[in-house]
Amino acid sequence: MGYDAIVVGAGIGGCAAGCALAGSGMKVLILERMPQVGGRCSSIKRDGFTLDTGAHAIFGAEHGSIEEACRMVGKDGAIKWCHFGKMIAVLSDARIYFDGRTMFLKPDKGDSITFHAMDLMDDMLKMVPEQLLETSMSMTSKMMPLVTALLTPIIEQFDDVLMKDFMGRFFDWPRIHDIMNTFQCGMFGSPDWMTSTAELMRTALGVMEYYQPGMDPFELAGFPAGGLISIPATMCEGIVEKGGEVRTGTNVRRIVVESGKVVGVELDDGELIRSPIVISNGGLKETVADLVGREHFDDEYADLIRDLKTGTSGFCIRAALDAPVTDVDMGGILLVEPGGMEAYFRELWQDFTIPDVPPPIYFSVPSNMDPSLAPPGKQLIVGIGCLMFDSKEPYSKMEKLALEGFRRAFPGFDEHYMWHDFLDPNMYIALGERLAPAIGLAQCIGQVGKNRPSSISPVDGLYYVGGEAGQNISGMACDMCVKSGLACGKHIVNNVTVGIAT
Ligand SMILES: Cc1cc2nc3c(=O)[nH]c(=O)nc-3n(C[C@H](O)[C@H](O)[C@H](O)COP(=O)(O)OP(=O)(O)OC[C@H]3O[C@@H](n4cnc5c(N)ncnc54)[C@H](O)[C@@H]3O)c2cc1C
């Protein structure tokens, strides 16, 4: 039996490509080696808790690329999104609380400061006549494609400008650089002395494109009810309803190429499944070097792919508590001394050691947003951060330091602690990529915008999607991976003549 297209890997990039193809009537088979779909955007169950593999803030939420993919397979609105209410940043020298309207800064020393930023904005907006406001917002959102087109060549000029240099023009307060550096490592998998300024600009513009008049700006990011797995599982349900197939626990050993053309894939048991199109979500480097084999590419291309820089890997710590210790939904813990982040990331990235301080952590409290993710009365706190896959020091050192970060951020943590677990880069290697990146390719100078590797490979019928591929695809992690899958799927639907292989 043949298929119009086979997708290797059910990460969210692969699922999004599957949605674009199945939604246009193609017969699609998705093969996933893990027991569940989703790759780095997935969840497992333990003791009544739903534990996510990593991501906790998904840009676009119900207004973004994920919803577009779901819509293609008739699953519009099927994912319910939770939005962040209370947020907190725990710094070594202060705590910043934010409840969506008011920001409250409580330094360790000195007086507290309260900013009513959103109230101020509301008051200012009240001064503008309602009709004028609505008309101008609606015009702005309608004009976004034009704005994007006009800004694209300007933004391209920042492709090779380092974020560190760009930000240095405006700020010399080390704390701002620390916060930006932490933000960038989480968002792009590279620190500010590597990250391209254009990538931040494109990402911001991409998020603005999702904005609709009258929308609460806090809806531009969210967390899926049911945990991360709701995203790929909903896409896969839609693909199956459109006549596609999804097989989990099925490893693809080889993508079979004959006379420069893809003919299908070979599974571990030797079964050959035929298709003229194979889309790999199993990592760009791995696809070229291992799944296809570099002998099918010219040396220049194979070397180029081999030499691409991969983003930093990550860790994910998940703590189960027998009672709630916090009412916030998400936030950050940054206990590194002011001005210390550059040194922190250099130790991590260049010396491959683990600095002796609690790491910068993005955390979320999924059970506050969706109580079904923990047993009644209990709480789940999830923290994520950067960690190199080839660290010279044991990952257990980072685990202890991350736990220490939780203790310092959440009073009562120790009293209510039940257990925790820690996902290290080995887990992310098991998901398919040797260098275990948290996001994918580092969004750094030389490999963003038009220099990002294309989803279309030089081998006829072979495509790549996910965090590693897609020329001119940018954005924040999951959103970018889904955009990559959608763009590749649409390209195939619009440009490739497909006949089912036999
Ligand atoms: C700790 C951590 C925190 C994160 N936080 C966020 C966040 O807050 N917000 C956000 O947007 N993103 C976040 N991300 C990033 C985001 O999760 C990833 O960028 C995204 O999920 C990657 O999707 P992908 O399409 O590249 O697929 P992947 O997740 O790489 O999935 C690839 C799939 O292919 C399968 N596969 C590989 N090879 C084969 C084969 N030979 N045969 C069959 N199957 C195969 C794998 O098992 C896997 O399921 C985080 C990631 C991590 C690790």
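Which residues, taken from the stretch 35-54, are in contact with a Lys or Arg (Cβ under 6 Å, 6 or more places away or on another chain) and either in a helix (DSSP H, G or I) or more than 7 Å from the ligand (Cβ to nearest atom) (or both)?
The one that is in contact with a Lys or Arg (Cβ under 6 Å, 6 or more places away or on another chain) and either in a helix (DSSP H, G or I) or more than 7 Å from the ligand (Cβ to nearest atom) (or both): Leu51.
Do we find that Glu32 is more than 11 Å from the ligand (Cβ to nearest atom) and assigned by TED's automatic domain parsing to the domain that holds Gly244 in this structure?
no
Checking the condition under 23 Å from the mean Cα position of the chain (by Cα) and farther than 30 Å from Ser484 by Cα, which residue from Glu399, Glu433, Glu347 passes?
Glu399
Restricting to the stretch 1-28, give me the number of residues that are outside any helix (DSSP H, G or I) and surrounded by 24 or more Cβ atoms within 10 Å (Cβ to Cβ).
The number of residues fulfilling the criteria is 9.
Could you go through the stretch 73-91 and let me know if any residue there is within 27 Å of Gly189 (Cα to Cα), among the aromatic types (Phe, Trp, Tyr) and within 11 Å of the ligand (Cβ to nearest atom).
Scanning the stretch 73-91 turns up no residue that is within 27 Å of Gly189 (Cα to Cα), among the aromatic types (Phe, Trp, Tyr) and within 11 Å of the ligand (Cβ to nearest atom).
Being exposed (fewer than 13 other Cβ atoms within 10 Å of the Cβ) and either out of contact with any helix residue (DSSP H, G or I) (no Cβ under 7 Å at 6 or more places or on another chain) or not β-branched (Val, Ile, Thr) (or both) narrows it down to one of Leu162, Leu146, so name that one.
Leu146
What's the total number of residues in the stretch 362-388 that are free of Cβ contacts under 8 Å to residues at least 60 places away in the same chain and within 15 Å of the ligand (Cβ to nearest atom)?
Residues flagged as free of Cβ contacts under 8 Å to residues at least 60 places away in the same chain and within 15 Å of the ligand (Cβ to nearest atom) within the stretch 362-388 amount to 1.
Please verify whether Arg101 is in contact with a helix residue (DSSP H, G or I) (Cβ under 6 Å, 6 or more places away or on another chain) and exposed (fewer than 15 other Cβ atoms within 10 Å of the Cβ), treating the condition exactly as stated.
The answer is yes for Arg101.
For the stretch 424-442, check the following and say yes or no: at least one residue is polar (S, T, N, Q) and closer than 20 Å to Gln36 by Cβ.
Taking every residue of the stretch 424-442 in turn, at least one turns out to be polar (S, T, N, Q) and closer than 20 Å to Gln36 by Cβ.
Among the β-branched types (Val, Ile, Thr) and under 24 Å from Arg294 (Cα atoms): which single residue out of Ile445, Ile492, Ile473 fits that description?
Residue meeting the stated conditions: Ile492.
How many residues, within the stretch 182-200, are in contact (Cβ under 8 Å) with a residue 40 or more places away in the chain and within 17 Å of the chain's Cα centre (by Cα)?
Summing the residues that are in contact (Cβ under 8 Å) with a residue 40 or more places away in the chain and within 17 Å of the chain's Cα centre (by Cα) in the stretch 182-200 gives 10.
Would you mind finding the one in Thr312, Thr353, Thr326 that is within 16 Å of the ligand (Cβ to nearest atom), touching a residue at least 40 places away in the same chain (Cβ under 8 Å), polar (S, T, N, Q) and in contact with a helix residue (DSSP H, G or I) (Cβ under 8 Å, 6 or more places away or on another chain)?
Thr312
Consider the stretch 352-378. How many of its residues are within 24 Å of the chain's Cα centre (by Cα), within 27 Å of Gly222 (Cα to Cα) and not acidic (Asp, Glu)?
Residues that pass the stated criteria total 16.
Hey, which of the helices (runs of 4 or more DSSP H) in the stretch 267-377, taking only ones fully inside, have at least 3 residues that are surrounded by fewer than 19 Cβ atoms within 10 Å (Cβ to Cβ)?
Of the helices (runs of 4 or more DSSP H) lying wholly inside the stretch 267-377, those with at least 3 residues that are surrounded by fewer than 19 Cβ atoms within 10 Å (Cβ to Cβ) span 299-306, 341-346.
The values are calculated or read from the model by the stated rules, or taken from the named source; none is laboratory data. On a predicted model such as this, the values are computed, not experimentally measured, just so you know. Note that each Cβ is placed from the backbone with ideal geometry, even for glycine, and that neighbours are counted across all protein chains shown.
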